[in-house]
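We did not get these values from a lab; they are worked out from the coordinates using the rules stated. No experiment lies behind these values; they were computed from the predicted model shown. A quick note on method: Cβ atoms are made from the backbone with ideal geometry, for glycine too, and the neighbour counts reach across all protein chains shown.
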Amino acid sequence: MLKQLTKHPIWGERLANLLTRYILFVRSKGTTINEPENPDTFFREHNPFILSVWHGQFLLIPTIRPDDIKAKIVVGTHGDAELAAKLVSKFGVTPIRGSGAAGRRSQRDRGGAKVLKQAIKALKEGYCIVSTADVPPGPAQKAGDGIITMARLSGRPIIPAAIATKRAITFKSWSRLTINLPSGKTGFVVGEPIFVPRDCSAEQQQQFRKQLETAMDEVTEKAHQLAGRSTKKIAPLWKHSLNPGLSLNAYKIATTLARPLAPLIFKYRVNKNKEIPEREAERYGLSKIKRPQSPLWWFHAASVGETNACLPLIRKILERNQNLSIILTTGTITSAKLAESQLPERAFHQFVPLDNTLFVRRFLAHWRPNLAVFVESEIWPNLILSTHKKNIPLILINGRMSKRSFKRWFKKPSMARPLFGRFDKVLAQGPIDERRFIQLGAENVKHSGNLKIDAPALDYDPEQLASLKSSIADRPMLVAVSTHPGEEEILKEAHNIIAMDYPDFLTIIIPRHPHRGEELKKLLEETNMAASLKVQLRSQNPTPDRDTNIYIADTMGEVGLFYKLTKTAFIGGSFIRHGGQNPVEAIKLDANIISGPHVENFAESYFELFQRGGALEVSDAKSLAMKTIELLKHPELHEKMKKASHDSLDFLSGAEQITLETLESYLPEKNNQH
């Protein structure tokens, strides 16, 4: 609603006029305490300069400009910024539209380079530039590189500034947006100018960025002190206390009280084929395996995907470090079977203990790991808190934080900060993940890339491949991998459209959860306006018959086989709001990719693929059918897509080396570095 109003030519202007009058009203009330005492003289002495403010604390900033100083302000291009642009114009400040990129390999170019060029030009013309030090959409109160680059290239100083009122309303937005209220006291503070030499190195530039960050915190704290208000309410989540809050303590109590139910829960899961009865003790933190005498690292991966990501890394670590052992914990039967079949010598598999303090303590007391390495997004509160309490370094590798998970954690700061803040280091898959982890309270976060990109291709059985090729012969086909409920109906509709041009077309579906095979068979065999389809299950038919229309691969561990079989693969979880599945495995086996629009879980990989033409995006059954038909009619497109997809992987690779270097810095002989 607000965005629509701000864009409206009449109502947007009225809203800006109303807000202008409100700001002037707030500034007219009470007493303003300045530091230094006469900031106008200070401003004139250093003009033109770059005024730096925190993003959420800018409401009263347009009121501080002396009449004889010309100013321009950097304003974003998003909907909310329309109002900001109109507002600052009312104070005689010219907006420059655009903002810095959200991070390295960012998905969107939001005009950062253009803004920088305009700002430097304006500084040369005698304008001062007002810019937020923290780049939307965060993390808040972490200075970005853009303002430092602006100072370096222009030769003009950065002046940190903050203004605060005794009374204010602060929202739980990423920047802790603050609406100042009429107050008895207003504090306005500017700090010492920061000059960035033009010839400074990248490392020195980072030092200046940290210097600015510290200076901004100091002027913000001082302004609030002068106004008589605490900065606690405007502090972003990453600055909150590491002490567990009420919700986290409630979780600990609830899991303690639920301990007697653990055997019942385990038995229920056994009946659902989700547990191995003989290994029940492992779920309670007990083990039949003796701890090796050598240093021991503990890796924890939730399921198959995370296990596949860390197995190559585990092998390489053990090859390079002969006096080291590794225990890998997982939570599912399939990941356990995968781990036990592929773990090298000096590596052991155990099921992760249930997230109960007693079970976790037993586990830690038995294994006494020297390092704990969690993979991707597996966050169990008792597991993390108990490990940290034992002074065991905690590292999160290949870290991924989906938009949905981020929103859920962001609403629970008393849980998020104490958990994410306990990781010594976080290696995030992409810049978006990096930003989200920082906003949730993690420290020492680094964008390292996706380990799955550096992992070897999935295994497949050559004899099974030959058998399938012989059965299918030259039939055109599409393999749909990791499909979710709701997507199979779309695939059926697409199949019927394609079959109009290619009557012998074969669709192979690999559901994300193979136990859905029988259910899918019934669903897809239901007749509709089109002719009924013949559907077969791989668990019942090793190969599809010549007249089979849809073949459901309801078996485990054969994704690599079907990627190798096909030229084109649709990656599931992308027609629905699941966030997509990993596209890298398909590319490594030379299968070209078609995906739906919802790929947030692997945003960086898909961004590169779409940009380079290494993947195709479709929105519904019709567009999926049309793209598939286009590829069938133009085989030369396959080679073009294949080259583009492999170029994308080359660009995105390198996570394994960064992760290795990070983890090996925790080896006993290097402990003196920590």
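Data table
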item	result
Nearest-0.05 FRET efficiency for residue 173 and residue 513, computed from C-beta distance (R0 35 Å)	0.40
Among beta bridges that DSSP assigns inside the stretch 2-235, antiparallel share in %, nearest 5	30
With Cα atoms, 0 to 90° folded angle of helix 112-124 axis to the chain main axis	20
Projected label distance in nm at residue 526 and residue 205, using a 7 Å step from Cα toward the beta-carbon	5.8
Answer label, with semi-axes √(5λ) of the Cα gyration tensor in Å calculated from the coordinates and candidates [x] 47, 43, 22; [y] 50, 33, 23; [z] 57, 43, 22	[y]
Mean separation of Cα contacts under 8 Å (6+ apart) over length of the chain, as relative contact order %	9
P(r) histogram, all alpha-carbon pairs of the stretch 462-652 included - 5 Å bins from 0, percent	1, 8, 18, 22, 22, 16, 9, 3, 0, 0
Efficiency of FRET from Cβ geometry, residue 620 and residue 13, R₀ 30 Å, rounded to 0.05	0.15
Quarter of the Cα convex hull surface for the stretch 170-245, i.e. its orientation-mean projected area (nm²)	7.2
Cα centroid separation - the stretch 315-381 against the stretch 455-510, whole Å	35
Amide H contacts under 5 Å for residue 618, placed H, 5+ residues apart	595, 596
Alpha carbon centroid spacing (whole Å) that separates the stretch 222-299 from the stretch 562-588	33
Debye log10 I(q)/I(0) for the stretch 2-235, one point scatterer per Cα, at q = 0.13, 0.14, 0.16 Å⁻¹	-0.75, -0.88, -1.19
Distance in nm between pseudo-label sites at residue 198 and residue 316 (7 Å out along the Cβ direction from Cα)	4.2
Calculated FRET efficiency for the pair residue 457/residue 546, C-beta based, R₀ 30 Å, to 0.05	0.50
Spatial extent of the stretch 152-207: Rg and Dmax, with the Cα atoms as the point set, Å	16.6, 46
Beta bridges by DSSP in the chain, antiparallel share as percent, to the nearest 5	10
Peptides ranked, highest mean first, by Cβ atoms within 10 Å: ranges 624-630, 505-511	505-511, 624-630
Where N is the number of residues in the stretch 573-674, Cα Rg divided by 2.2 N^0.38 Å	1.41
3J(HN,Hα) from dihedral phi, the stretch 302-309, Karplus parametrisation 6.51/-1.76/1.60, rounded to Hz, x for glycine, proline	5, 9, 4, x, 5, 5, 4, 5
Angle in degrees between helix 487-501 and the longest Cα principal axis of the chain, rounded to the nearest 10	70
Helix-only mean residue ellipticity at 222 nm for the chain, each DSSP H run of n ≥ 4 adding -39500 (n - 2.57), per residue, nearest 500	-13000 deg cm²/dmol
The stretch 403-543, Cα convex hull volume normalised per residue, Å³	181
Packing-based order for 578-585, 272-279, 90-97, using average beta carbon neighbours within 10 Å, highest first	578-585, 90-97, 272-279
Interchain or long-range residues, amide H under 5 Å from residue 552's placed H	509, 536, 537, 538
Sequence-separation-based contact order of the stretch 2-235, relative, with Cα cut under 8 Å and 6+ spacing, percent	24
Directionally averaged shadow of the stretch 511-585, computed from the convex hull of its alpha-carbon atoms, nm²	6.1
Sorted peptide list for 389-395, 156-162, criterion being average Cβ within 10 angstrom, highest first	156-162, 389-395
Amide H partners (placed H, <5 Å) of residue 592, local residues excluded	568, 569
For the stretch 100-254, convex hull of alpha carbons as volume per residue, Å³	159
